[in-house]
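First up is the structure itself, then whatever we jot down about it.
Bear in mind that the values in this text are calculations on the coordinates, not laboratory data. Every value quoted in this text rests on a predicted model; they were computed, and no experiment measured them. All Cβ positions, glycine included, derive from the backbone under ideal geometry; neighbour counts span all protein chains shown.
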Amino acid sequence: MGIPSRGLSRDEVFAGLEHFRSGDVGWRSGRMWAYVYDAGNEVEDVTKDAYASFLTENGLDPTVFPSTLLLENAVVGAMARHLNAPEGAAGSFTSGGTESVMLAVKTARDHARATRPEVTRPNIVLPDTAHACFQKAAYYMDLETRITPVDDGYRADVDAMAAATDDQTILLVGSAVSYAHGVVDPIERIAGLARERGVLCHVDGCIGGFVLPYFRRLGAEIPPFDLSVPGVTSISCDLHKYAFAPKGASVVLYSSRELRKHQIYACSTWSGYTIINNTIQSTKSAGPLAAAWAALNFIGDDGYLALCRRMYEATRQVCERVRRHPDLFLLAEPDTNLVAVGSNTVDVFHVVDEMKLRGWFIQPQLGYANSPKNFHLSVNPKAERWVDDLFADLDVAIEAARELPSGNLASLVEGMLAGGDGELSPDGFDQMLGAVGIDGVELPERMAPINEILDSLPPKVREQMLVDFVNQLYLHDPE
Ligand SMILES: *Cc1c(COP(=O)(O)O)cnc(C)c1O
């Protein structure tokens with residue numbers, strides 16, 4: 001199927017698009033507990049219209065589209081206040097958490113290049129609960145990562161971070177909150193360590209930064225985590241998560257404009273137009289920016305507080321149910337609306353599959369270090385209405401999961417890795433999937449066998465296998 005020889009009608013185009021969507025999990029149902037951050041129809045309508053109305057304006061050049069500069073300053077300014085930025089702080093609007101973090105890491109690198117000539121092999125120190133995008137940033141920029149363990153509550157072990165920090169360290173990282181377990185790291189101690197050692201400190205508030213101030217107002221005990229903490233030099237906060245802006249919206253803030261300068265890229269050694277980019281993207285739609293502004297202004301502080309109250313209450317109910325459940329346990333007591341749930345009696349990957357068959361999406365998380373395999377619930381404002389249904393279906397799913405085989409793939413994997421040098425052969429992944437009856441080019445109905453194989457592999461082999469899988473998946477011609 002290529003480009004059609006004659007253009008389709010408008011109706012045909014939209015019918016075609018709906019057809020693509022027919023296999024998706026229905027997120028409007030309230031049964032999707034990941035990926036979609038839903039504040040209801042009204043917010044959806046307003047933000048989509050705002051997005052479409054600025055779709056064509058190009059954020060590349062604020063001299064031609066001053067609207068994009070004004071909008072960006074308004075959105076970044078609002079977030080600077082929300083996160084207690086000091087006088088003189090500066091920031092940027094970006095396409096998402098990953099871009100915000102990559103920019104913060106690049107800024108740290110270029111700050112070190114400019115001010116610390118003794119740094120020739122820069123490293124960043126981060127707990128193993130920090131989002132993978134820090135490792136991605138380090139990988140792209142060829143920086144060393146020093147990954148430190150976390151405590152029983154899945155919070156950063158600051159002594160371990162101190163031991164990993166040396167004269168080549170450029171950045172310490174803490175999360176507020178971590179994605180996997182929804183907990184705030186000891187940010188004051190991490191930032192204090194950064195100050196003592198003369199290095200920068202980034203707080204990843206991508207998923208927690210927006211809601212934590214509201215959760216605090218609702219009575220949760222939230223330790224200081226933002227730019228008011230001495231030693232915190234940057235923070236990221238996604239708007240496309242719990243600020244309920246459409247996707248493509250995040251901010252990164254710095255404690256000073258001097259620091260933000262290291263983020264900006266200019267190039268005048270080519271023959272085209274002048275390039276001056278403050279973010280990774282160059283040509284970019286102003287749609288996400290306009291929609292983020294619309295979300296902040298349409299929902300407003302009272303609206304966010306009300307939405308957060310619903311998430312706060314629903315999360316408390318979910319946690320209470322899990323605590324009382326004979327087959328489930330909470331990995332951590334979450335500080336926000338993210339809940340990681342494990343089991344000692346049943347395979348959680350089967351539970352996830354069984355829930356999917358019943359129309360629910362809950363996210364599996366593989367085991368790593370002291371964090372056992374689990375499923376992750378992102379609690380939306382709508383969730384309160386669905387808690388009873390969720391746990392009723394979880395009970396059914398758990399019973400069904402008990403009947404399914406588990407544990408035998410781990411030995412298969414060990415057998416296949418034994419004898420080799422711990423690497424997968426190019427066809428290794430196919431062979432493994434074939435052995436459990438899965439055709440590698442189709443998206444499988446059940447993910448538990450794949451998750452079980454992944455869970456039993458060493459992390460490096462996991463990564464290799466995932467790359468092979470996706471490399472196949474996206475080559476497949478639909479016809
Ligand atoms: C989602 C998330 C990110 C990455 O953000 P994307 O918008 O998916 O690129 C980074 N850190 C945390 C804690 C997150 O939850």
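Add -39500 (n - 2.57) for each DSSP H run of 4 or more in the chain, then divide by its residues: what number comes out at 222 nm, to the nearest 500 deg cm²/dmol? The partial results should precede the final answer.
Numbers: 16 runs with 205 residues, N = 479.
Value at 222 nm, helices only: -13500 deg cm²/dmol.
For Asp152 and His19, compute 0.36 nm times the residue count separating them, minus their Cα-Cα distance, and round to one decimal in nm. Each step should come with its number before you reach the end.
Numbers: separation 133, 0.36 × 133 = 47.88 nm, distance 4.63 nm.
The Asp152-His19 span can extend by a further 43.3 nm.
If the viscosity is 1.002 mPa s and the temperature 20 °C, what translational diffusion coefficient in µm²/s does Stokes-Einstein give for the chain when Rh comes from Kirkwood over Cα pairs?
Numbers: Rh = 24.1 Å.
The estimated diffusion coefficient comes to 89 µm²/s.
Show me the ranking of peptides 395-406, 349-360 by mean Cβ neighbours inside 10 Å, starting with the highest.
Values: 395-406: 15.8, 349-360: 20.7.
Descending mean neighbour count gives 349-360, 395-406.
Alpha carbon centre of the range 259-295 versus the range 69-125: separation in Å?
14
Given bins 5 angstrom wide, list per bin the percent of all Cα-Cα distances in the range 2-53, short to long.
Once binned at 5 Å, the Cα pair distances of the range 2-53 give 4, 14, 14, 18, 23, 12, 8, 5, 0.
Over the chain, what is the relative contact order in whole percent, taking alpha-carbon pairs under 8 Å and six or more residues apart?
Details: 834 pairs, mean separation 86.0, N = 479.
Taking the mean separation of contacting Cα pairs over the length of the chain, I get 18 percent.
Straight-line reach from Lys136: which aspartates and glutamates have Cα under 19 Å away, leaving out those fewer than 8 places along the same chain?
Lys136 reaches Glu99, Asp110, Asp128, Glu144, Asp204, Asp238, Glu463, Asp468.
For the range 166-274, max minus min Cα coordinate along each principal axis, in Å, sorted largest first?
Principal extents (Cα only, largest first): 57, 41, 24 Å.
Report, in listed order, any pair from Lys241/Lys261; Lys261/Lys382; Lys48/Lys261; Lys284/Lys356; Lys241/Lys356; Lys106/Lys373 with a Cα-Cα distance greater than 29 Å. Before the final figure, lay out each step's value.
Values: Lys241/Lys261 27 Å; Lys261/Lys382 41 Å; Lys48/Lys261 33 Å; Lys284/Lys356 36 Å; Lys241/Lys356 22 Å; Lys106/Lys373 32 Å.
From Lys241/Lys261; Lys261/Lys382; Lys48/Lys261; Lys284/Lys356; Lys241/Lys356; Lys106/Lys373, over 29 Å: Lys261/Lys382; Lys48/Lys261; Lys284/Lys356; Lys106/Lys373.
What is the calculated FRET efficiency for Ala306 to Arg113, with r their C-beta to C-beta distance and R₀ = 41 Å, to the nearest 0.05?
Details: r = 46 Å, r/R0 = 1.12.
Calculated transfer efficiency: 0.35.
Using only the Cα atoms, work out Rg/Rh for the range 55-191, with Rh taken as the Kirkwood radius, to two decimals.
Here Rg/Rh amounts to 1.02.
If R0 is 35 Å, what FRET efficiency do you get for Leu466 and Thr63 from their C-beta distance, rounded to 0.05?
Numbers: r = 43 Å, r/R0 = 1.23.
After rounding to 0.05, the efficiency reads 0.25.
Just for the chain, what percent of DSSP beta bridges are antiparallel, to the closest 5?
Values: 25 of 42 bridges.
Of the beta bridges lying entirely in the chain, close to 60 percent run antiparallel.
For the pair Thr345 and Ala132, how long in nm is the line joining their label points, each one 7 Å along Cα→Cβ?
If labels sit at Thr345 and Ala132, their model points lie 3.2 nm apart.
Based on a Kirkwood Rh over C-alpha pairs, give the Stokes-Einstein translational diffusion coefficient of the range 95-143 at 25 °C and viscosity 0.890 mPa s in µm²/s.
Working: Rh = 11.3 Å.
D, rounded to a whole number, is 217 µm²/s.
May I ask you to derive the FRET efficiency for Ile264 and Glu399 from their Cβ-Cβ distance with R0 = 60 Å, giving the value to the nearest 0.05? Write down the numbers at each step before the final one.
Numbers: r = 57 Å, r/R0 = 0.95.
So, using R0 = 60 Å, E works out to roughly 0.60.
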